[in-house]
Amino acid sequence: MRQASRADQASPQALAVSVPKVTRIVFTALLLDILAFTIILPLFPRLLQFYRDSEHGDQNSLLAWSLSRLTEFQSLIGLDDSSSSSVSGGIKRPPKMDIVLLGGALGSLFSVLQFVASPVIGKLSDVLGRRRVLLISMLGNLISCGVWLFSSSFELFVLSRIIGGLSEGNVQLSIAMISDITTPATRSRGLAMVGIAFAISFTVGPALGAYFANKDLVSSFPGLAQYGLHPFSGSALLALVLLTVESLYLYAKLPETNSESWRLAVQKTVEEERKAKDQKSKENIGSGSGSGAPTSSTTGHVKSTTRQVGPEAIVRLQHSYLARLSFTHFAHLFLFSGMEFTLTFLTFHLFDFTHMQQGALLGYIGILSSLIQGGYVRRVAHKVGEKRMVIQGMMAAAIGLGCIALVSTGDNTVILAQEKSGSSTLGSSVEHVIRNTIAWLDAQEWSRQSKMWGLYAGATGLAVTSATVVNCLTSLASLVCDMGSDEEQAQDASTGKKSKLEPIGKGLALGRFRSWGQLGRAAGPIAACSLYWRVGPLVCYGAASLAVGCVTVLASRILPEVRKLPIRTAIQKKTKTQ
């Protein structure tokens, strides 16, 4: 409370100067948080295999029930052992598929819980303050890692994931805090730091988790085994240490950003930016009408775009725009996360990738995404517009998935559907020619090299998508929350009167926006996995490429051009009558 009051008493000028400092604090804390989150990702297969071995024979356990349901799911999509053995030339059932699917199911569970919790966390941050709610959510994360540290049973491990899914709020609150302290002109640059933190953490975190998984704490502290210490407790301890450092850092350094003083500081900066822009336009006009100087007619057109609308109309626009953004967020992550989940299956079956090769491909995507966010998105998004960046990223995804679909051509993908149904629409002679031709092509070294180039071309498209779409959609959602009135807020600040306009709470709006993305992230892998094993990678990635193309066209029609609208819409003042 003392820290919040100091923030309220600080001058707008001082707060405006401290924006880079607060951004660095938020970025550092978010980096630690996502590192702790990604530590577990490469451990899922071995961790779940450990629980399966330790609970073998217990048919009443949660693990046995979960594996039974997954076996039914595999039969539903045609992956049971009996059908796969009868299919010659089809995609073989991968080893330990139930473990892979169980890891995916736990990931989907986490996303579903985030779908439920994100709006609640956002609303609480609007009422109680970002700093306080973030520290409370960090307490939940610490409890989650503490349970994982001593989760010798699968039930305790699931409990730790549930606690973590319900309490994780760092990402959305970091977005809200950066939105609190940045102007519309600098919003995308600030929010790009969130994407950079993701890219760095998803590149480094899994490697840290795999390394510390080899540090068996049970052998070092055998007396703690009776309390639930297990072979993967080393990674859990590392995550716990990172979250503890993050919590102490936030408590000591982070100010409250959801305060009136910050709003006044941002408003003052916006006014200064506007005056500087107007002054520059006047200077260009006074120096003559050159090629880059705006004419009087152009200036008049810009002034005419400020619409006179009432508070209710602004709120309706906010809800309409946020609904469109949330739908686009859901549709994008439903498709993107699903194909991302099946990428390791494809590289294993078509290229026989080792773990090192899988890591190299994912590392390439992560590093390239980080470079694009830092070198391109942060510098260009506010100039070309977030909507255009979103469209560019989605187009890159459609092209990337199309490239991967093209390298997926092979004997087991051409006639998989016909074989699984027990019949073929192709004549036997034509089918024989196709088989032999594809087999010959697959055996050529130049063919494998060209497919490898195609795979990395597709991965490049996915890296561009990862760097642009979600970040810029989030920036658009944040800008929509800023729609209001500078003039009326300035008058209210000077007179002390409460504004008639009550804009939608930034925390709640961004929480709802994020929750729809998490729902897409939860459902996408299930749908993509089902389609992949049903029809093969060629049809799956080809269909996904077409679907992303359709979403791109739809997004170009429904997403708002926020920077072409007055971010703070002037309100028609009503004369009061006695």
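The values are calculated or read from the model by the stated rules, or taken from the named source; none is laboratory data. The shown structure was predicted, so the numbers you read here are calculated from the model rather than taken from an experiment. When we count neighbours, we look across all protein chains shown, and the Cβ atoms used for this are built from the backbone with ideal geometry, even at glycine. Ligands, DNA and RNA are stripped out before the accessible areas are found, and what is left, the full protein with its side chains, is counted by its heavy atoms. Shrake-Rupley method; radii C 1.70, N 1.55, O 1.52, S 1.80 Å.
Within the set 328, 298, the sole residue that is assigned to a helix (DSSP H, G or I) and at pLDDT 85 or above turns out to be 328. Going by the conditions given, is residue 91 at pLDDT below 80, buried (at least 20 other Cβ atoms within 10 Å of the Cβ) and under 22 Å from residue 346 (Cβ atoms)? Here the answer is yes, as residue 91 does meet what is asked. Could you grab the pairs with beta carbons closer than 8 Å, sequence gap of 6+ or different chains, first residue in the stretch 336-350 and within 14 Å of residue 527 (Cα to Cα), second one part of a helix (DSSP H, G or I) and aromatic (Phe, Trp, Tyr)? As it stands, the answer is 339/541; 342/532, since those pairs meet every condition given. The set of residues from the stretch 528-569 being at pLDDT below 90, of a type in the set (A, V, I, L, M), over 23 Å from residue 401 (Cα atoms) and open to solvent by 10 Å² or more (accessible area, probe 1.4 Å) comprises 565, 567. Within the stretch 176-197, residues that are basic (Lys, Arg) have Cβ atoms under 8 Å from residues that are assigned to a helix (DSSP H, G or I) and open to solvent by less than 10 Å² (accessible area, probe 1.4 Å) in these pairs: 187/178; 187/179; 187/475; 187/478; 187/479; 189/381, counting only partners at least 6 apart in sequence or on another chain. Among the residues making up the stretch 373-390, those that are open to solvent by less than 30 Å² (accessible area, probe 1.4 Å) and in a helix (DSSP H, G or I) are 373, 374, 377, 381, 386, 387, 389, 390. The residue pairs whose first member lies in the stretch 316-327 and is farther than 13 Å from residue 478 by Cα, whose second member is surrounded by fewer than 16 Cβ atoms within 10 Å (Cβ to Cβ) and aliphatic (A, V, I, L, M), and whose beta carbons are closer than 8 Å, counting only pairs six or more residues apart or on different chains, are 324/558; 327/558.
For first residues located in the stretch 48-69 and of a type in the set (Asp, Glu), partners that are modelled with pLDDT of 85 or more and surrounded by 12 or more Cβ atoms within 10 Å (Cβ to Cβ) and lie 6+ apart or on another chain with Cβ distances below 8 Å form the pairs 55/61; 55/63; 55/64; 55/153; 55/154; 58/64.
Working carefully through the options 140, 169, 146, 164, find the one that is open to solvent by 20 Å² or more (accessible area, probe 1.4 Å) and closer than 30 Å to residue 45 by Cβ. Give the derivation first.
Values: 140 fails: open to solvent by 20 Å² or more (accessible area, probe 1.4 Å); 169 fails: open to solvent by 20 Å² or more (accessible area, probe 1.4 Å); 164 fails: open to solvent by 20 Å² or more (accessible area, probe 1.4 Å).
One residue alone meets the criteria, 146.
Answer yes if at least one residue in the stretch 254-269 is surrounded by fewer than 16 Cβ atoms within 10 Å (Cβ to Cβ), at pLDDT below 90 and not in a helix (DSSP H, G or I), and no otherwise. The answer is no, given that none of the residues of the stretch 254-269 is surrounded by fewer than 16 Cβ atoms within 10 Å (Cβ to Cβ), at pLDDT below 90 and not in a helix (DSSP H, G or I).
I'd like to check something: does the stretch 346-356 contain any residue that is open to solvent by 70 Å² or more (accessible area, probe 1.4 Å), in a helix (DSSP H, G or I) and at pLDDT 65 or above? Taking every residue of the stretch 346-356 in turn, at least one turns out to be open to solvent by 70 Å² or more (accessible area, probe 1.4 Å), in a helix (DSSP H, G or I) and at pLDDT 65 or above. Kindly check whether there is at least one residue in the stretch 34-55 that is at pLDDT below 85, within 29 Å of residue 194 (Cα to Cα) and open to solvent by less than 40 Å² (accessible area, probe 1.4 Å). Scanning the stretch 34-55 turns up at least one residue that is at pLDDT below 85, within 29 Å of residue 194 (Cα to Cα) and open to solvent by less than 40 Å² (accessible area, probe 1.4 Å).
From 518, 491, 572, 578, which residue is of a type outside the set (Ser, Thr, Tyr) and either modelled with pLDDT of 85 or more or closer than 22 Å to residue 392 by Cα (or both)? Don't jump to the end; show me each part of the working.
On the way: 491 fails: either modelled with pLDDT of 85 or more or closer than 22 Å to residue 392 by Cα (or both); 572 fails: either modelled with pLDDT of 85 or more or closer than 22 Å to residue 392 by Cα (or both); 578 fails: either modelled with pLDDT of 85 or more or closer than 22 Å to residue 392 by Cα (or both).
The match here is 518.
Suppose we keep only residues that are open to solvent by 20 Å² or more (accessible area, probe 1.4 Å) and more than 15 Å from residue 545 (Cα to Cα) within the stretch 447-463. Which one would you say is nearest to the chain's Cα centre (by Cα)? Here the residue is 456.
For the stretch 18-63, filtering for residues that are within 15 Å of residue 154 (Cα to Cα), of a type in the set (Gly, Ala, Ser) and in contact with a Ser or Thr (Cβ under 9 Å, 6 or more places away or on another chain) leaves 2. A count restricted to the stretch 164-188 and to residues that are in contact with a Gly (Cβ under 6 Å, 6 or more places away or on another chain) and in a helix (DSSP H, G or I) stands at 4.
Each residue in the stretch 189-229 was checked for being over 31 Å from the mean Cα position of the chain (by Cα) and part of a loop (DSSP other than H, G, I, E, B), and 4 pass.
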